[in-house]
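Enquirer: One structure is given below, represented as structure tokens, and several questions about it will come after.
The values are calculated or read from the model by the stated rules, or taken from the named source; none is laboratory data. Please read these numbers as outputs of a predicted model, since none were measured by experiment. Cβ sites come from the backbone with ideal geometry, for glycine too, and all protein chains shown count toward neighbours. Note: accessible area is taken over every heavy atom of the protein model, side chains too, but ligands, DNA and RNA are not part of it. Shrake-Rupley method; radii C 1.70, N 1.55, O 1.52, S 1.80 Å.
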Amino acid sequence: MDEEHTFEVVVGVDGSPQSLLALEWAVTEARLRHGQLRVVTGWQFPAVAAGMESLPWEFDAFQRVAQRIQARAWLRP
């Protein structure tokens with residue numbers, strides 16, 4: 001494949017044993033096909049109930065947690 005049409009394997013990782021197995025499969029598949037690997041971790045802001053609008057939310061914390069999940073997945077033996 002040329003640079004415009006690079007093969008890419010996308011895998012979701014949430015830290016669960018199943019997602020780590022999926023990551024192992026995705027790494028192998030990307031290597032076998034000489035492709036790239038994209039690891040994604042989804043998250044969402046918690047729902048806000050009536051009267052909770054004034055609570056201080058540290059929105060960057062959600063991103064940091066997702067980044068830690070991915071980092072731990074890559075360090076896994």
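Enquirer: Taking only region 1-13 into account, find how many residues are modelled with pLDDT under 90 and either within 12 Å of T41 (Cα to Cα) or part of a helix (DSSP H, G or I) (or both).
Expert: Selection size over region 1-13: 3.
Enquirer: When you scan region 14-26, how many residues do you find that are in a helix (DSSP H, G or I) and either touching a helix residue (DSSP H, G or I) at 6+ places or on another chain (Cβ under 8 Å) or of a type in the set (D, E, K, R) (or both)?
Expert: Qualifying residue count, region 14-26: 4.
Enquirer: Would you confirm, using the coordinates I've provided, whether R76 is at pLDDT 80 or above and of a type in the set (K, R)?
Expert: Answer is no for this residue.
Enquirer: Same structure again: Return the residue satisfying two criteria in turn: it lies in region 47-64 and is open to solvent by 70 Å² or more (accessible area, probe 1.4 Å) and of a type in the set (A, V, I, L, M, F, W, C), and of such residues it is modelled with the highest pLDDT.
Expert: F59
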